Amino acid sequence: MATSTTSLIPKKDISNSIDHSISTMTTIFGHSDISSNTTNKLATMWREIQGSRNWENLVNPLDSLLQEEIIRYGEFVVACYNAFDIDPNSKRYLNCKYGKNSMLDEVGLGKSGYQITKYIYATTNINNVLSIGQNCSSSSSGRWIGYVAISSDEETKRLGRRDVLIAFRGTITNPEWIANLMSTLSPARLDPNDPRPEVKVEAGFLSLYTSNEGEKFGLRSCREQLLSEVWRVINVYKDEEMSITIGGHSMGSALALLLAYDVAELGLNKSPTTTTTTESPASCCDQLYESSLSSVSESNDIPVTVFSFGGPRVGNSPFKERCEELGVKVLRIVNANDPITKLPGFFLNENFRVLGGKYEVPWSCSCYAHVGVEILLDFFNMQDPTCVHDLGTYLNLLKSHHHKSLQVQRDQEDIDFFNIAKEFFLSMLYNGEMLPSIW
């Protein structure tokens with residue numbers, strides 16, 4: 001069972017040091033320079049870096065190779081923001097500004113060693129939503145949410161395996177914000193052969209993941225798009241050693257965890273050499289589940305890893321436990337002052353399941369719970385409270401500290417979380433936005 005391990009980067013005042021707007025992220029980040037000294041090491045210990053041992057002895061202090069990989073995957077998530085068109089006058093408004101063959105080049109990741117194979121779109125199924133600044137129909141329209149990419153032959157050699165990468169942006173549109181604020185837990189029911197009604201996730205995230213446009217020839221759900229592409233890529237490279245790596249920021253990290261759970265629950269990460277179906281998993285979940293049961297052994301499973309940046313809680317305790325049973329690995333990079341990472345379940349969470357260390361409360365299945373191993377950062381800017389959730393700030397802090405300094409203990413001072421949260425939201429309202437556009 002995965003345990004929550006913490007590595008703390010010391011508290012830092014980042015006043016005037018970082019511009020966190022989406023429009024400037026490109027100038028801050030480029031593909032990380034990978035030294036030749038770490039290339040062979042990564043190829044031999046990539047499974048540990050991907051969490052095969054729950055990052056034991058790699059987090060506290062933070063291992064330099066793991067630090068490089070966290071930053072590298074974080075930059076692929078930043079690319080989602082850089083490529084997302086937020087100009088209302090643009091023909092590509094709320095979609096990607098670039099074609100998939102040129103996108104990584106356009107955002108400064110042309111030498112990343114990955115090729116995008118598919119763009120992913122998501123929609124919400126929220127009735128009677130009050131959309132401010134958008135027409136009513138836009139709430140059910142699919143918006144670009146991220147992409148699937150595959151490592152090149154040369155990059156595969158460096159990594160030690162063929163890497164299937166999925167990256168998700170955070171919240172931009174008002175309907176997405178409404179979905180984020182739907183804190184009700186709903187049964188996930190992603191496995192048609194075993195619905196597992198006790199496994200529940202936040203209703204809004206589930207809606208974003210599973211809703212389609214509702215028209216005969218409309219956009220398929222985010223889930224169907226993802227499962228079809230992941231299944232296709234796995235079968236193309238079924239004779240190679242592979243990994244599935246999913247990165248996301250905020251809402252995107254919630255989608256990343258839902259996808260990781262879905263892939264593992266359906267058995268897409270089982271050795272495909274023993275499966276008999278060639279159909280897409282989006283249309284044959286029953287067959288896929290049955291065929292996955294005959295996989296050779298657990299050691300042949302394709303590792304599924306989530307790199308979560310500033311992510312909220314996604315599901316309840318049975319969801320967390322099921323993710324652990326399935327071998328889903330989650331590394332959560334968290335700012336201690338980020339209010340989004342405390343939600344949903346600010347009161348009913350994993351810390352309130354047991355009373356007195358021995359008595360489980362009757363409502364424990366309704367408690368939200370974080371999944372995975374945590375790396376804790378600590379930063380705040382009085383002049384700009386929204387920086388506490390900014391992905392650019394997260395990665396810059398990781399980049400600016402040598403790994404040997406990451407074991408420093410946090411100052412024993414009280415942090416007024418409620419005031420931080422209040423300033424975070426009020427600062428966005430003051431700037432004329434209904435809701436923060438960076439979740």
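The values are calculated or read from the model by the stated rules, or taken from the named source; none is laboratory data. This is a predicted model, so every value here is computed, not measured. Backbone-built Cβ (ideal geometry, glycine too); neighbour counts: all protein chains shown. Each accessible area value is taken on the protein alone, full model and side chains, heavy atoms only, with ligands, DNA and RNA left out. Shrake-Rupley method; radii C 1.70, N 1.55, O 1.52, S 1.80 Å.
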Task: Enumeration of residues in the range 70-101 that are farther than 17 Å from residue 396 by Cβ and assigned to a helix (DSSP H, G or I) - done: 80, 83
Task: Search result, residues across the range 123-175 that are under 22 Å from residue 250 (Cα atoms), open to solvent by 30 Å² or more (accessible area, probe 1.4 Å) and at pLDDT 85 or above - done: 143
- [ ] Quickly run through the range 198-225 and pick out the residues that are of a type in the set (Ser, Thr, Tyr), in contact with a helix residue (DSSP H, G or I) (Cβ under 7 Å, 6 or more places away or on another chain) and open to solvent by less than 50 Å² (accessible area, probe 1.4 Å).
- [x] 207, 209, 221
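Yes/no matrix, rows are residues, columns are (1) acidic (Asp, Glu); (2) at pLDDT 90 or above; (3) under 30 Å from residue 156 (Cα atoms):
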site: 195; (1), (2), (3): no, yes, no
site: 200; (1), (2), (3): no, yes, no
site: 206; (1), (2), (3): no, yes, no
site: 222; (1), (2), (3): no, yes, yes
site: 239; (1), (2), (3): yes, yes, yes
site: 264; (1), (2), (3): no, yes, yes
site: 268; (1), (2), (3): no, yes, yes
Task: Qualifying positions in the range 319-338 - β-branched (Val, Ile, Thr) and assigned to a strand (DSSP E or B) - done: 330, 333, 334
Open item on the list: Being open to solvent by 70 Å² or more (accessible area, probe 1.4 Å) and modelled with pLDDT of 95 or more narrows it down to one residue among 11, 41, 100; which is it?
Closed with: 100
TODO: Can you run down the residue pairs with Cβ atoms below 6 Å, 6 or more apart or on separate chains, where the first is in the range 310-338 and among the basic types (Lys, Arg) and the partner is in a strand (DSSP E or B) and at pLDDT 95 or above?
DONE: 329/305; 332/308; 332/374
TODO: May I ask you to verify whether residue 228 is touching a Pro at 6+ places or on another chain (Cβ under 8 Å), modelled with pLDDT under 95 and open to solvent by less than 40 Å² (accessible area, probe 1.4 Å)?
DONE: no
